[in-house]
Amino acid sequence: MLRYYIGWFMIIQMIPNFHLNAGNPMDNINVLKKKNIDTDGEPSLQNALEMARSSLIHVPAHGSREILIIMGSLTSCDPGDINETIDNLVSENIRVSIVGLAAEVQICKLMCKKTKGTYGVVLNEAHFKDLLFEIIPPPPVSIVKSKSELVVMGFPRGVNESMPSLCACHSKPVSGGYICARCNSKICDLPTDCPICELTLVSSPHLARSYHHLFPVANFEEVPWSSAFTTHCYSCQMPFQTQPQVVKGRSNNVTSIDSSGRYNCPKCKKHFCIECDTFIHEVIHNCPGCLSTSENST
C-alpha cells in the first residue's frame, strides 16, 4: 500500500486516548515518547475496536483496513455486545490481529479467526518482536477486492537553507526540509500529505519499501572458499576474513570453517558480509550492487 496512515491509541479507564498521523513514523515515535501514562482501570476492547473502526471508514479502496492490538489484560469491560462489533468488522473487511502479553483469551482468538487476522501470545521479548514482524507484511489481495486506483504522488526536492523559514506543516521556522512538487510549500518530513494542496509526498526509498513486498530482494548465496576472490564487502567496504591455512591445504578433517563469510547476490554477483546481507533484506530492501549496475548501464 503506497499511501498509508498510522493511528494508535491507549485504553485508559475504558476510554481510548486516540492519536492519528498521516504515515510519518518519526512523528508517531515522538508522540509515544511524550506519553508517560501508567496503566489504570479496566480496558474496554469493544470501545477500542469501535474507535478504530470509525477511523478506518475513509480509507480508500486501494488500501487495506487493519487493526493491531497489543493487549496485556485478561478481561474486557464492554458497554455492549462485542460480538456485534466483530460482525461489523467482518462486513467492513477490517482485519484484526492481536498480540497478547498475558495468556490466551477466547474472544480475542475468535475475533482474529473471523476477521482473518493473526493471534499470538508472547513467550519472551524475542518472541514479542517476532510476532510483531510477522504482521508487517501486507495481507494478500482478495479477488473481491481486486479493484485498483491510481494515486497521485509528488517527489519533493530537499533543501538545506542557511536562514530558517516557516514550514507549512507546523508553522515553525526550520532550516531544512522539502519543497512540494506542486505548490512549492515547505514541509519538514516525508512521507506526508502537503497541508496546502493535499498532494501525497514521498521519496524514492519510501516507494521502494512499499514495493519490496511484491518484488523482494533475492536471497544471497553463500560463497565457498573456491570462489572467494573478493577482499572487501561491496557495501560497507569492511575486509573479509582471510582463508585459513587448513582450508588452503584442503584438509578433509575440517568442516566447521568451510564458510568464507561472503554472500553473493545472484543478480549482480557482488559479495557482501553477513551484516550487510541482513541489513539489505530486512531494512533497505534494495541491493547496492544491483542499483549501481543499473545506474552505470543508463
- Query: How many residues are outside any strand (DSSP E or B) and of a type in the set (Lys, Arg) when one looks only at the range 157-205?
  - Reply: 2
- Taking the range 104-127 and keeping only residues that are crowded, with 17+ Cβ neighbours inside 10 Å and either aromatic (Phe, Trp, Tyr) or in a helix (DSSP H, G or I) (or both), one is left with 108, 111, 112, 119
- Query: Within the set of pairs 6 or more residues apart or between chains, which connect a residue that is farther than 15 Å from residue 237 by Cα inside the range 261-287 to a residue that is part of a helix (DSSP H, G or I) and among the small types (Gly, Ala, Ser) with Cβ atoms less than 7 Å apart?
  - Reply: 265/289; 268/289; 285/208; 286/208
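Which residue out of 118, 75, 85 is over 27 Å from residue 189 (Cβ atoms), touching a Cys at 6+ places or on another chain (Cβ under 9 Å) and polar (S, T, N, Q)?
118
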- Item | Selected residue [within 22 Å of the chain's Cα centre (by Cα) and not basic (Lys, Arg)] from 229, 215 | 215
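Within the range 235-298, considering only helices (runs of 4 or more DSSP H) that don't extend past its boundaries, which have at least 2 residues that are surrounded by 13 or more Cβ atoms within 10 Å (Cβ to Cβ) and modelled with pLDDT of 85 or more?
274-279, 288-297
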- Message: Any residue in the range 64-80 that is more than 26 Å from residue 134 (Cβ to Cβ) sitting within a Cβ distance under 6 Å of a residue that is buried (at least 16 other Cβ atoms within 10 Å of the Cβ)? List the pairs, counting only those 6 or more apart or interchain.
- Response: 77/14; 77/44; 78/44; 78/46
- Can you name the residue in the range 150-189 that is touching a Cys at 6+ places or on another chain (Cβ under 7 Å) and basic (Lys, Arg) and is also surrounded by the fewest Cβ atoms within 10 Å (Cβ to Cβ) among such residues? 182
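When you check residue 143 against the structure, is it among the aliphatic types (A, V, I, L, M), farther than 30 Å from residue 271 by Cα and at pLDDT 90 or above, yes or no?
It is false that residue 143 is among the aliphatic types (A, V, I, L, M), farther than 30 Å from residue 271 by Cα and at pLDDT 90 or above.
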- Would you point out the residue of the range 104-125, among those that are under 23 Å from the mean Cα position of the chain (by Cα) and of a type in the set (A, V, I, L, M, F, W, C), that is nearest to residue 66 (Cα to Cα)? 112
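The values are calculated or read from the model by the stated rules, or taken from the named source; none is laboratory data. Note that the structure is a prediction, hence the values are computed from the model and not measured. Cβ sites come from the backbone with ideal geometry, for glycine too, and all protein chains shown count toward neighbours.
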